[in-house]
Amino acid sequence: MADKKNYYDILGVSKTATADEIKSSYRKLVKQYHPDLHPNDEKAAEKFKEINEAHETLSDDKKRKEYDFSLEHPNMNFGGGGFSGDFSGFSDIFSDFFGGFGGGSRRTQRQTKIKGDDITIEVELSFLDAAKGCKRDVTYNRKTTCNTCRGTGAKNGTEYETCSKCGGTGEIQYTTRSGFFTQVSVKPCDECRGTGKKIKEVCPDCKGKGTVKNVTTVTFDIPAGADTGSYMRKQGYGEASPNGGPNGDLIVVFTVRSSKIFRRKQFDLYVDLPITYKTAVLGGKVEIPLIDGTYTHVIPEGTQSGKVFYVRGKGIKTSRGVGDLYIIVQVEVPTKLSKEQKKNLEKFDDNIDDKQYSKIREYTDNFESAYGKKPY
Ligand SMILES: [Zn+2]
Ligand SMILES: [Zn+2]
């Protein structure tokens with residue numbers, strides 16, 4: 001990954017570029033390096049290839065996210081492994097809901113067997129459950145195939161006859177004309193809903209629909225690292241097909257509640273750590289929160305406000321990689337001091353040498369040389 005060319009550099013855009021900026025930069029470059037303009041120029045041809053490769057990734061929201069992720073975690077292994085079990089890996093749980101599955105279940109145009117509808121359920125996770133991974137039962141209503149009539153909708157599953165409109169094929173051919181062209185297409189028969197059968201006597205259990213309402217519970221084994229918008233798909237756990245086609249899928253979309261202790265970016269964790277003035281000056285030990293437990297961190301003497309301690313590998317641990325922990329120090333200034341406290345503080349500060357305030361000294365020098373007077 002290290003020697004891989006950066007797609008953003010290739011397209012000459014920033015990492016935060018919008019889709020429009022990427023598109024317009026791509027168009028400019030394509031015009032510039034098009035092979036038609038540079039016949040027999042291998043370098044231009046190579047560049048043209050690069051530009052297209054970069055555009056292909058950055059113009060696709062999902063691919064771009066994965067690419068960004070790989071940039072931020074250059075040492076991560078992206079090949080193989082991944083999550084096992086109920087979902088199809090990285091692209092599912094780690095991509096955004098809307099980027100992930102457009103189109104839906106009815107894309108099977110020419111097929112007369114209709115796939116059942118997908119069912120989407122939102123599941124809320126606590127910050128720690130999402131970070132650690134958890135098991136979650138999801139209970140929901142769905143239509144399943146009626147057992148009594150085996151989905152035919154006919155009494156005992158036998159009380160039907162061949163559909164006269166489609167002759168039992170379940171399909172109807174129709175032609176459309178545009179200009180000189182005639183196109184023959186096929187669609188499901190509307191008379192028998194593509195089943196090819198006409199019910200004589202309806203099944204009493206499902207009233208001829210072929211499906212019944214059912215309460216279903218599915219257990220999801222949610223891997224560590226789920227974030228708001230990530231989702232898992234359980235194939236075949238959606239609605240039953242109306243005509244013997246495959247079931248739809250169940251899709252759970254996660255919402256992760258925020259934490260009062262952690263902030264999170266991908267798998268990295270951020271903790272704002274307030275410390276006293278005394279600890280900042282003298283140093284000290286402090287317990288740092290982790291996803292599972294705590295650890296003792298030593299604050300060194302003379303720690304400044306805003307200092308960030310970086311702890312490698314103490315972020316969210318997933319099978320796709322491990323995040324890091326960032327501890328951001330904030331020195332809290334005490335308020336509402338008593339007269340005596342104020343007096344003591346002044347006495348203390350009077351004894352501090354100018355040389356002990358390196359930043360203040362540097363600022364004072366710069367200020368003075370620019371404005372001819374002291375800032376303090
Ligand atoms: Zn028919
Ligand atoms: Zn039935």
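The table that follows gives values for the structure above.
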| read-out | value |
| --- | --- |
| Length released on extending from residue 255 to residue 30, taking residue separation times 0.36 nm less the Cα-Cα span | 77.0 nm |
| Average Cα contact separation per residue, region 7-62, under 8 Å, 6 or more apart, as relative contact order % | 42 percent |
| For region 175-188, Karplus couplings with θ = phi - 60° (6.51, -1.76, 1.60), whole Hz, Gly/Pro x | 10, 10, 10, 9, x, 8, 9, 10, 10, 9, 10, 10, 9, x |
| In Å, descending, principal axis extents of the Cα set of region 1-59 | 35, 28, 15 |
| FRET efficiency for residue 362 and residue 5, using Cβ-Cβ distance with R0 set to 45 Å, rounded to 0.05 | 0.65 |
| Anchor residue 43: lysines whose Cα lies under 24 Å away (excluding residues fewer than 8 positions away in-chain) | 4, 5, 23, 28, 31 |
| CD proxy at 222 nm, helix term only [per DSSP H run n ≥ 4: -39500 (n - 2.57); per residue of the chain; nearest 500] | -7500 deg cm²/dmol |
| Whole-number D in µm²/s for region 160-199 (Stokes-Einstein; Kirkwood sum over Cα pairs; 20 °C, 1.002 mPa s) | 202 µm²/s |
| Burial ordering of 127, 348, 180, fewest other beta-carbon atoms within 10 Å first | 180, 348, 127 |
| Difference of contour (0.36 nm per residue) and Cα-Cα distance, residue 270 to residue 65 | 71.7 nm |
| Shape box of region 259-335 [Cα atoms, principal axes, largest first, Å] | 43, 21, 19 |
| Label-point separation in nm, residue 201 to residue 121, each point 7 Å along Cα→Cβ | 3.7 nm |
| Label point distance in nm, residue 351-residue 330, each placed 7 Å from Cα along Cα→Cβ | 3.1 nm |
| Mean separation of Cα contacts under 8 Å, 6 or more apart, over the residue count of the chain: relative contact order % | 15 percent |
| Amide hydrogen neighbours beyond the local backbone of residue 172, cut-off 5 Å, H modeled | 187, 189 |
| Alpha-carbon spread of the chain, three principal axes, descending order, Å | 104, 64, 36 |
| Modelled FRET efficiency - R0 30 Å, residue 158 with residue 187, Cβ distances, 0.05 increments | 0.65 |
| Taking region 117-218 and dividing mean pair separation by its residue count, relative contact order in percent (alpha carbons under 8 Å, at least six apart) | 37 percent |
| Under Karplus coefficients 6.51, -1.76 and 1.60, residue-wise ³J(HN,Hα) of region 153-162 in Hz, glycine/proline x | x, 9, 3, 6, x, 10, 7, 9, 10, 5 |
| Sorted by Cβ density within 10 Å, fewest first, the residues 149, 206 | 206, 149 |
| Positive minus negative residues near residue 305 (Lys, Arg vs Asp, Glu; Cβ under 14 Å) | +1 |
| Phi to ³J(HN,Hα) by Karplus 6.51 cos²θ - 1.76 cosθ + 1.60 over region 253-266, Hz, x for Gly, Pro | 10, 9, 10, 9, 5, 6, 10, 7, 10, 9, 10, 9, 9, 6 |
| Net charge, residue 356 excluded, C-beta distance under 15 Å - Lys, Arg +1, Asp, Glu -1 | -3 |
| Order of 281, 218, 308 under a 10 Å beta carbon neighbour criterion, fewest first | 308, 281, 218 |
| Isolated Cys residues of the chain, judged by Cβ distance under 4.7 Å to other cysteines | 134 |
| Theoretical gain in end-to-end length, residue 342 to residue 278 [0.36 nm per residue, Cα-Cα removed] | 21.5 nm |
| Rough spin-label spacing in nm, given labels placed 7 Å along Cα→Cβ, for residue 177 and residue 134 | 6.4 nm |
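Rule-based calculations on the coordinates, nothing more; no lab input. Here the structure is a predicted model, which is why all the values come from computation and not from measurement. No Cβ is skipped: glycine too gets one built from the backbone with ideal geometry, and neighbour counts run over all protein chains shown.
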